[in-house]
Amino acid sequence: MSKKRTKWVVSPRPGPHKKFESIPLVIIIRDLLKLADTSRDAKKIIKTKNVLVDGKPRKDLRYPVGLFDLIDIPKEGKMYRVVPDKHGLILIEAPKKESNLKICRIKNKTMVKGGNIQLNLYDGKNIVIKDKKEDYSTGDSVLIELPSQKIVEHIKMEKGAVAIITGGQNIGDIINIKDIITTKSREPNKVVCKKEDREFEAIMDYVYVVGKEKPLIKLTEK
């Protein structure tokens, strides 16, 4: 599969992912998966509900598919996940055991009716938490089942955790968090990252925790 940068002739429609952090569904079907030679052929595949994103059929050619989304093509018998690497966003084949799992970063939290906490995830999903014993924080991640959105595991943004870099010059690197720097100023919080024998700092927003000792999902083509 050829790698593509996230720069497209077709613009993604406004949705759960930002314009420059997503790929239009038609581009995935035509150019990345090569299931169609033309946009017209890709439209036929998409309009007949043969493409699922995160477990839901999507009929919009410009639907924005973004980080860690799962693309299911039932007729092909294969599933793909969007991941970051040095070339931007790419697709990798997802193992069957991960066919209903997705890691979502907590964007923020809000209080909802009944005194419960609602987790607002980076991809527009929302999960209401009734168990007040678990301490969820902005920047943490949750491994969820799709389409139920049941939380399988909570991954905290903390020292020792495993993360993947989603932006900047180290995009795609899988690292261990060595330290977290809270700036208490206009400067963004930063994370000291360790990858093998190399250390570097990254903006916290670019550090996406994916596991405690190792990634909970497949993140690379190998």
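The values are calculated or read from the model by the stated rules, or taken from the named source; none is laboratory data. Just so you know, these numbers come straight off a predicted model, no measurement behind them. Virtual Cβ from ideal backbone geometry, glycine too; neighbours counted across all protein chains shown.
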Inset, instruction - Test Lys194 against the stated conditions and say whether it is surrounded by fewer than 17 Cβ atoms within 10 Å (Cβ to Cβ), over 21 Å from the mean Cα position of the chain (by Cα) and either assigned to a helix (DSSP H, G or I) or without any contact (Cβ under 8 Å) to a residue 60 or more places away in the chain (or both). - result: yes
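Here is a yes/no grid of residues against (1) among the small types (Gly, Ala, Ser); (2) more than 24 Å from Lys49 (Cβ to Cβ); (3) surrounded by fewer than 21 Cβ atoms within 10 Å (Cβ to Cβ):
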site	(1), (2), (3)
Pro74	no, no, yes
Gly77	yes, no, yes
Lys86	no, yes, yes
Ile90	no, yes, no
Ser99	yes, no, yes
Asn108	no, yes, yes
Ile117	no, yes, yes
Asn120	no, yes, yes
Asn126	no, yes, yes
Inset, instruction - Could you check, for the range 33-56, whether at least one of its residues is closer than 20 Å to Gly172 by Cα and not assigned by TED's automatic domain parsing to the domain that holds Ile151? - result: no
Inset, instruction - Inspect the range 102-124 for any residue being among the aliphatic types (A, V, I, L, M) and in contact with a Gly (Cβ under 7 Å, 6 or more places away or on another chain) and give the result as yes or no. - result: yes
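Let's see how each residue does on (1) within 29 Å of Met79 (Cβ to Cβ); (2) part of a strand (DSSP E or B); (3) without any contact (Cβ under 8 Å) to a residue 40 or more places away in the chain:
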| residue | (1), (2), (3) |
| --- | --- |
| Pro147 | yes, no, no |
| Gly168 | yes, no, yes |
| Asn176 | yes, yes, yes |
| Lys184 | no, no, yes |
| Phe200 | no, yes, yes |
| Pro215 | yes, no, no |
| Lys218 | yes, no, no |
| Lys222 | yes, no, yes |
Legend entry - Criterion: of a type outside the set (Phe, Trp, Tyr), out of contact with any helix residue (DSSP H, G or I) (no Cβ under 9 Å at 6 or more places or on another chain) and closer than 20 Å to Lys18 by Cα - qualifying residue of Ser185, Ser141, Ser148: Ser141
Inset, instruction - Please go through the range 202-213 and pick out each residue that is part of a helix (DSSP H, G or I) and either of a type in the set (A, V, I, L, M) or exposed (fewer than 15 other Cβ atoms within 10 Å of the Cβ) (or both). - result: Met204
Inset, instruction - From Ile103, Ile45, grab the single residue that is assigned to a helix (DSSP H, G or I) and touching a Leu at 6+ places or on another chain (Cβ under 8 Å). - result: Ile45
Inset, instruction - Filter the range 149-166 down to residues that are touching a residue at least 60 places away in the same chain (Cβ under 8 Å) and within 17 Å of Lys190 (Cβ to Cβ) and give me whichever is surrounded by the most Cβ atoms within 10 Å (Cβ to Cβ). - result: Ile164
